[in-house]
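The values are calculated or read from the model by the stated rules, or taken from the named source; none is laboratory data. Not measured: the values here are computed from a predicted model. Note that each Cβ is placed from the backbone with ideal geometry, even for glycine, and that neighbours are counted across all protein chains shown.
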Amino acid sequence: MLKTMRLVAGKDLRIEARSRVATNQVLPFAAVVLVLFAFALDPDSGALRRATPGLFWLAVLFCLLFTVQRAFGLETADGARDGLRLSALDPAGLFLGKAAALAVELLVLEVVLGAGVVLLYDAPTRAGGLVLFIASALAATWGLVAVGTLYGGLAAGQRVRDTLLPLLLLPVVAPVLIGATRANEAALGIGDRAVSEGWPWVGLLTVFALAYTALGLVAFGALLED
Amino acid sequence: MEPVIHLRDAVVVLGRFPVLAGATLQVERGEIVLLHGPNGAGKTSVLRTCAGLLPVVRGEARVLGTDLVRDRRDVRSRVGLLGHANGLYEDLTVSENVRFWARSVGAGTDEVDGAITRVGLSGRLAGTPVSGLSAGQRRRTALAALVVRRPELWLLDEPHAGLDADGRDLVDDLLRSAAAAGATVVLASHEQDRAGALAGRRVLVEGGRTLSTATPSPKPTADASDREAAAAGVLPC
């Protein structure tokens, strides 16, 4: 399983590094979204600062949609999906490989977007919340990619996959959006929240990520079928 | 000895649409069999069914000893399918594509290099991204990816499509070598002169059924003539 994971993740990351879709298309799109949020919410009112974690994770969700569609588009564009089904590769390893490559891409995007919101939204930062911030980001990211890989695999076999994926994915990741936003508010001290208030949300994010990882490991093989 | 492919009245339904309506086909080890027939006859569906990619809902279907009605996944890693699509990643090089599919079946670097050389893409072309290749070179890359998998059953859909004269000869050589080494080959093609000369037996497919089977004619026979012959109960030979 781990051998398959390394093989698939390496292939996807090599393709991404060469095509640069994430950096040349997804990232600029997310940056535009952040700027539009800033236009929509008056920066002087303080609303933008208070909403920073939620807006950040919304932008990450949009990035997730694009990266998942791209990850599975690679397999359907020239019929490579049939090759995967005909290979001896372990479906659980395929799931982990796709998810791992997506996680790396999403984390890179999050770092850049995070720097963007700090500069653009004048978001507050505090050193005491750094560990909470990183832990919540890692747990939320894995939860997002686990769900994204699961539903990306499901939608990949459908003719209407491009419109089906957001419809399936966005409602399911609502708990991640809520949990990551609350944890980040505590990490950044927004609304006078203490750092300790954020850890239960990290727990929720971790349970969510583990549950969908387990589901993906079991179900991914069946999802690859027509 | 059990046949490599045994289909009897196999029915395959995708969604609400039957794509095979009672196909019957028997192929022995080492044979090269040509499926021919008009567009939409079900040739591709027969190939995909034999690869374990389509669900058989009625009838009998055994491939390489595996009952496809009960479990069609077991057979897949022993089968090589070259469909209309090449199954390649555009942003990877020829070498990277072949290596990926080689590693998926545990094949080594020597076999990758050998397969790439065999299809005539060694040297500079091996390091070229697939997006920079011609249609024929992409087909050759797909053939290399198929060779490196060492399948027991080769299933090929229009394998000569997009290839130049050398490429077509290459396909014929590859398939003859595979059959000589004990593999079984089933190909679907409209190029009946070339594919018919390659195959030891021709099977007419129409309406999701296999209608007739015959040894190849010395001269190519048009699909229409085949259908008339089948309808009259006379097999082309």
If you take the residues of region A:136-162 that are among the β-branched types (Val, Ile, Thr) and assigned to a helix (DSSP H, G or I), which of them is surrounded by the fewest Cβ atoms within 10 Å (Cβ to Cβ)? A:141
Could you say which residue among B:99, B:73, B:48 is of a type in the set (Lys, Arg) and over 23 Å from residue B:18 (Cβ atoms)? B:99
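Given the condition of a type in the set (D, E, K, R) and surrounded by fewer than 17 Cβ atoms within 10 Å (Cβ to Cβ), answer yes or no: does some residue in region A:164-186 qualify? Even if it seems obvious, please write down each step before you answer.
Step one: list which residues in region A:164-186 are of a type in the set (D, E, K, R), which gives A:182, A:185.
Subsequent filtering for residues that are surrounded by fewer than 17 Cβ atoms within 10 Å (Cβ to Cβ) retains none.
Within region A:164-186, none of the residues are of a type in the set (D, E, K, R) and surrounded by fewer than 17 Cβ atoms within 10 Å (Cβ to Cβ).
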In region A:131-156, which residues are at pLDDT below 90 and out of contact with any Leu (no Cβ under 7 Å at 6 or more places or on another chain)? A:156
May I ask you to say which residue of A:215, A:223 is within 14 Å of chain B (Cβ to nearest Cβ) and out of contact with any Pro (no Cβ under 8 Å at 6 or more places or on another chain)? A:223
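Are there helices (runs of 4 or more DSSP H) fully within region B:75-193 with at least 2 residues that are within 12 Å of chain A (Cβ to nearest Cβ) and either aromatic (Phe, Trp, Tyr) or within 20 Å of residue A:79 (Cβ to Cβ) (or both)? List them.
Numbers: elements: B:94-103, B:109-118, B:135-147, B:165-180.
Output list reads B:94-103, B:135-147.
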Candidate set: region A:1-57, residues that are among the hydrophobic types (A, V, I, L, M, F, W, C) and not in a helix (DSSP H, G or I); chosen: the one farthest from residue B:98 (Cα to Cα): A:41
Within 14 Å of another protein chain (Cβ to nearest Cβ) and without any contact (Cβ under 8 Å) to a residue 24 or more places away in the chain - does that describe any residue in region A:24-35? yes
Take region B:64-76 and flag every residue that is closer than 16 Å to residue B:155 by Cβ and touching a Pro at 6+ places or on another chain (Cβ under 9 Å). B:68, B:72
Of the numbered conditions (1) away from chain B (no Cβ under 13 Å); (2) more than 21 Å from the chain's Cα centre (by Cα), residue A:83 satisfies every one except a single condition; which is it? (1)
Test for residue B:195: is it among the small types (Gly, Ala, Ser), at pLDDT 80 or above and farther than 20 Å from residue B:22 by Cβ: no
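Scan A:94, A:89 and give me the residue that is closer than 30 Å to residue B:75 by Cβ, within 14 Å of another protein chain (Cβ to nearest Cβ) and modelled with pLDDT under 90. Steps first, please.
On the way: A:94 fails: modelled with pLDDT under 90.
One residue alone meets the criteria, A:89.
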Any idea how many residues of region A:134-153 are among the hydroxyl-bearing types (Ser, Thr, Tyr) and closer than 14 Å to residue A:105 by Cβ? 2
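Does region B:21-44 include one or more residues that are more than 30 Å from residue A:18 (Cα to Cα), within 14 Å of chain A (Cβ to nearest Cβ) and not polar (S, T, N, Q)? Break it down into steps so the answer makes sense when it comes.
Step one: of region B:21-44, the residues more than 30 Å from residue A:18 (Cα to Cα) are B:21-44.
Checking the rest, the ones that are also within 14 Å of chain A (Cβ to nearest Cβ) come to B:44.
After this cut, where a residue has to be not polar (S, T, N, Q) as well, the list is none.
Among the residues of region B:21-44, not one is more than 30 Å from residue A:18 (Cα to Cα), within 14 Å of chain A (Cβ to nearest Cβ) and not polar (S, T, N, Q), which makes the answer no.
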Note on region A:64-76: residues surrounded by fewer than 23 Cβ atoms within 10 Å (Cβ to Cβ) and more than 14 Å from chain B (Cβ to nearest Cβ) are A:65, A:66, A:69
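Output the number of residues of region B:52-93 satisfying the condition of being among the basic types (Lys, Arg) and surrounded by fewer than 18 Cβ atoms within 10 Å (Cβ to Cβ).
The qualifying residues number 3.
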